[in-house]
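To start, the structure itself, in structure tokens.
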Amino acid sequence: MIRHQLDAPYPLNPFWHLRHCQGEHLATVGDGREVQLDGATLRLRDDALAPGAEVKVWLSTSGSFVCALVRDIERAKEERRAAEAVEYAELNARLNTLRAEAEAFNAQIKPPVKWAVGIKDVLSGLSERSWGGGRNKATVNHVYLLEPLNSSRFKRNAGDFLCTATGDTNGKDWSGKKLETHSDGNGEPYQPKVTCKACLKLAKRWSTSVDKKVLP
């Protein structure tokens with residue numbers, strides 16, 4: 001989109017300036033290099049536009065008035081909408097791919113009880129400057145047990161993380177929400193990929209030989 005520099009009349013009515021210093025204002029190109037806007041005549045500094053052409057005028061960040069043809073503005077908006085649609089589709093595809101990868105990976109984790117994906121939240125992940133989800137850069141996704149697990153000498157209670165024995169640090173539970181979900185490209189929730197190395201190492205004891213080759 002081409003922006004055209006305008007020279008405002010001098011002296012410029014302060015009330016006119018106040019009305020037009022914000023937003024875009026529809027105007028018409030007159031004869032020569034004149035742009036008529038609410039009784040004021042602004043002059044095109046360099047470029048000549050066709051008489052009668054519709055333009056929008058606004059105050060630039062540099063403090064001077066500029067204008068652009070309405071058709072150019074609409075074309076630029078359409079191009080931005082098209083580019084945003086492509087970006088949106090690509091983002092949704094990436095999010096759906098992440099869901100598929102997480103579901104395939106988590107399907108290899110087979111403790112003999114019900115489980116979900118959870119995190120040990122931290123206070124820094126609940127601050128005003130964070131996303132508010134209880135995470136920080138070091139946070140990993142754990143196997144969170146929904147039922148007691150008693151397998152040989154390996155024991156965990158419901159509400160424990162697979163990697164953490166009862167009485168050990170199961171997290172401070174600052175947020176009161178240990179389960180972790182992400183959203184796919186359709187906005188549907190899913191359980192993200194387990195990333196805790198200790199949980200994955202322990203999970204191998206309930207996996208087949210094929211699964212053990214895939215799990216880290």
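The values are calculated or read from the model by the stated rules, or taken from the named source; none is laboratory data. For clarity, every value in this text was computed on a predicted model and none was experimentally measured. Ideal geometry is used to build each Cβ from the backbone, glycine not excepted, and the neighbour counts take in all protein chains shown.
The residues listed here are Ala48, Ala85, Ala100; of these, the one that is within 27 Å of Ala8 (Cβ to Cβ) and without any contact (Cβ under 8 Å) to a residue 60 or more places away in the chain is Ala48. Take Asp47 and decide whether it is touching a strand residue (DSSP E or B) at 6+ places or on another chain (Cβ under 8 Å) and not basic (Lys, Arg). Taking the combined requirement at face value, the residue satisfies it.
A residue that is in contact with an Asp or Glu (Cβ under 6 Å, 6 or more places away or on another chain), modelled with pLDDT of 95 or more, surrounded by 12 or more Cβ atoms within 10 Å (Cβ to Cβ) and assigned by TED's automatic domain parsing to the domain that holds Trp58 occurs somewhere in the stretch 80-95.
Candidates are the residues of the stretch 127-146 that are of a type in the set (S, T, N, Q) and modelled with pLDDT under 75; the one that is surrounded by the fewest Cβ atoms within 10 Å (Cβ to Cβ) is Ser127. Screening Gly171 with (1) in a loop (DSSP other than H, G, I, E, B); (2) at pLDDT 90 or above gives one miss only, at (2).
Residue check: is Ala76 surrounded by fewer than 12 Cβ atoms within 10 Å (Cβ to Cβ) and either hydrophobic (A, V, I, L, M, F, W, C) or not in a helix (DSSP H, G or I) (or both)? Can you show your working first?
Numbers: surrounded by fewer than 12 Cβ atoms within 10 Å (Cβ to Cβ): no; either hydrophobic (A, V, I, L, M, F, W, C) or not in a helix (DSSP H, G or I) (or both): yes.
Spelling it out, it is not the case that Ala76 is surrounded by fewer than 12 Cβ atoms within 10 Å (Cβ to Cβ) and either hydrophobic (A, V, I, L, M, F, W, C) or not in a helix (DSSP H, G or I) (or both).
Among the candidates Val113, Val117, which residue alone is in the same structural domain as Pro148 (by TED's automatic domain parsing), of a type in the set (Val, Ile, Thr), in contact (Cβ under 8 Å) with a residue 60 or more places away in the chain and not in a helix (DSSP H, G or I)? Explain how you work it out, then say what you get.
Details: Val113 fails: in contact (Cβ under 8 Å) with a residue 60 or more places away in the chain.
Of the residues listed, the single one that is in the same structural domain as Pro148 (by TED's automatic domain parsing), of a type in the set (Val, Ile, Thr), in contact (Cβ under 8 Å) with a residue 60 or more places away in the chain and not in a helix (DSSP H, G or I) is Val117.
It is to be established whether one or more residues within the stretch 21-40 are part of a strand (DSSP E or B), in contact with a Phe, Trp or Tyr (Cβ under 8 Å, 6 or more places away or on another chain), surrounded by 15 or more Cβ atoms within 10 Å (Cβ to Cβ) and at pLDDT below 95. Spell out the reasoning first.
Of all residues in the stretch 21-40, those part of a strand (DSSP E or B) come to 25-29, 34-37, 40.
Then drop every residue that is not in contact with a Phe, Trp or Tyr (Cβ under 8 Å, 6 or more places away or on another chain), which leaves 25, 40.
Then drop every residue that is not surrounded by 15 or more Cβ atoms within 10 Å (Cβ to Cβ), which leaves 25, 40.
Those still in the list that are at pLDDT below 95 too: 40.
Scanning the stretch 21-40, I find at least one residue that is part of a strand (DSSP E or B), in contact with a Phe, Trp or Tyr (Cβ under 8 Å, 6 or more places away or on another chain), surrounded by 15 or more Cβ atoms within 10 Å (Cβ to Cβ) and at pLDDT below 95, so the answer is yes.
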